[in-house]
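Chemist: A single structure is presented below for examination.
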Amino acid sequence: FSRLDIQQVLLLRDPRDIAVSRVHYVRSSPWHEHYKEMRQLSGGFDEQLLETIVGRKFSDTDQIPSIGEIIGGYVGWTRSASVLVVRFEDLVGEAGGGSREAQVRTIIRIAEFIERPVTVGSAHAIADRTWNPKSQTFRRGTIGSWRASFNEEHRLAFKEVAGDLLVTLGYESNLDW
């Protein structure tokens, strides 16, 4: 993309929220490739979340990669000059637990980065349309909802497979969370 002078926008979200969201999405999506396997786990949501965090191999050709493997694949993008890193937490706005100011500022940053600048008024109009509960992947769209789902086993497993990524990506300053 850099050689082609194509600007990229990388949307990051707290990986813990991604893990919780992913479990809910797979559980409610009969067409998903891992729907049956996830529904068959006897420990319900807690076991499904743990498997989403640490990964699970179903066969030689079918597996759920760990959250660390998934997120780790994007870390290099955060160091590229042709990539603008945007945080879900800054883009979600007040409806998701963020702020309108950060949302509008982020929309303006994206528009400038892709060389399609917008006025502050236009950024507000765009912000008004970003919250979409009718989207297929929308569940709650809130910041930090992982706290209500993680137990101590989830925390320890997450720290083991992706704790360093939380620090690298700026979601935590250390592993004491």
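Chemist: If you check SER149 against the conditions, is it among the polar types (S, T, N, Q), farther than 21 Å from ALA19 by Cα and in contact (Cβ under 8 Å) with a residue 24 or more places away in the chain?
Modeler: For SER149, the condition - among the polar types (S, T, N, Q), farther than 21 Å from ALA19 by Cα and in contact (Cβ under 8 Å) with a residue 24 or more places away in the chain - is not met.
Chemist: Whether any residue in region 142-153 is touching a helix residue (DSSP H, G or I) at 6+ places or on another chain (Cβ under 7 Å), of a type outside the set (Lys, Arg), assigned to a helix (DSSP H, G or I) and at pLDDT 95 or above is what I want to check.
Modeler: Yes; the residues of region 142-153 include at least one that is touching a helix residue (DSSP H, G or I) at 6+ places or on another chain (Cβ under 7 Å), of a type outside the set (Lys, Arg), assigned to a helix (DSSP H, G or I) and at pLDDT 95 or above.
Chemist: Can you find, within region 1-40, the residue that is least open to solvent (accessible area, probe 1.4 Å) among those that are closer than 30 Å to PRO117 by Cα and charged (D, E, K, R)?
Modeler: Ranking the candidates gives ASP14 first.
Chemist: Still on this structure: Take the conditions over 25 Å from VAL23 (Cα atoms) and of a type in the set (Gly, Ala, Ser) and apply them to ALA81. Does it pass?
Modeler: For ALA81, the condition - over 25 Å from VAL23 (Cα atoms) and of a type in the set (Gly, Ala, Ser) - is met.
Chemist: Please give the number of the condition PRO117 fails out of (1) under 30 Å from ASP46 (Cα atoms); (2) modelled with pLDDT under 95; (3) not basic (Lys, Arg).
Modeler: (1)
Chemist: Pick from region 156-177 the residues that are over 17 Å from the mean Cα position of the chain (by Cα) and open to solvent by less than 90 Å² (accessible area, probe 1.4 Å): which of them is nearest to TRP31 (Cα to Cα)?
Modeler: Filtering region 156-177 for residues over 17 Å from the mean Cα position of the chain (by Cα) gives 156-157, 160, 173-177.
Pick out the ones that are also open to solvent by less than 90 Å² (accessible area, probe 1.4 Å) and you get 157, 174-175, 177.
On the way: ALA157: 28, ASN174: 38, LEU175: 36, TRP177: 35 Å.
Checking each candidate, the answer is ALA157.
Chemist: Go through region 70-95 and report how many residues are open to solvent by 20 Å² or more (accessible area, probe 1.4 Å) and either under 14 Å from THR130 (Cβ atoms) or not hydrophobic (A, V, I, L, M, F, W, C) (or both).
Modeler: Result for region 70-95: 14.
Chemist: Would you confirm whether or not region 41-60 contains a residue that is open to solvent by less than 70 Å² (accessible area, probe 1.4 Å), modelled with pLDDT of 90 or more and outside any helix (DSSP H, G or I)?
Modeler: Checked against the condition, which is being open to solvent by less than 70 Å² (accessible area, probe 1.4 Å), modelled with pLDDT of 90 or more and outside any helix (DSSP H, G or I), region 41-60 yields at least one hit.
Chemist: Let me ask something additional. Contact list please: Cβ distance under 9 Å, first residue in region 5-27 and closer than 16 Å to GLY97 by Cβ, second residue part of a helix (DSSP H, G or I) and open to solvent by 70 Å² or more (accessible area, probe 1.4 Å), pairs at least six apart or on different chains.
Modeler: Taking only residues 6 or more apart or on different chains, the pairs are ARG16/ARG147; VAL20/ALA148.
Chemist: Of all residues in region 84-98, count the ones that are at pLDDT 95 or above and outside any helix (DSSP H, G or I).
Modeler: Total meeting the criteria: 4.
Chemist: Further question on the same structure: Just give me the residues in region 61-73 being over 22 Å from ARG155 (Cβ atoms) and part of a loop (DSSP other than H, G, I, E, B), in sequence order.
Modeler: THR61, ASP62, GLY73 - these are the residues of region 61-73 that are over 22 Å from ARG155 (Cβ atoms) and part of a loop (DSSP other than H, G, I, E, B).
Chemist: Among the listed residues ALA162, ALA95, ALA111, identify the single one that is on the phi < 0 side of the Ramachandran plot, touching a residue at least 40 places away in the same chain (Cβ under 8 Å), touching a Pro at 6+ places or on another chain (Cβ under 7 Å) and among the small types (Gly, Ala, Ser).
Modeler: Answer to the selection: ALA162.
Chemist: Of the residues that sit in region 96-139 and are among the basic types (Lys, Arg) and loosely packed, with under 14 Cβ neighbours inside 10 Å, which one is nearest to the chain's Cα centre (by Cα)?
Modeler: It comes out as ARG139.
The values are calculated or read from the model by the stated rules, or taken from the named source; none is laboratory data. Fair warning: this is a prediction, and the values are worked out from it, not measured in the lab. A quick note on method: Cβ atoms are made from the backbone with ideal geometry, for glycine too, and the neighbour counts reach across all protein chains shown. We work out accessible area using only protein heavy atoms, side chains counted, and drop any ligands, DNA or RNA first. Shrake-Rupley method; radii C 1.70, N 1.55, O 1.52, S 1.80 Å.
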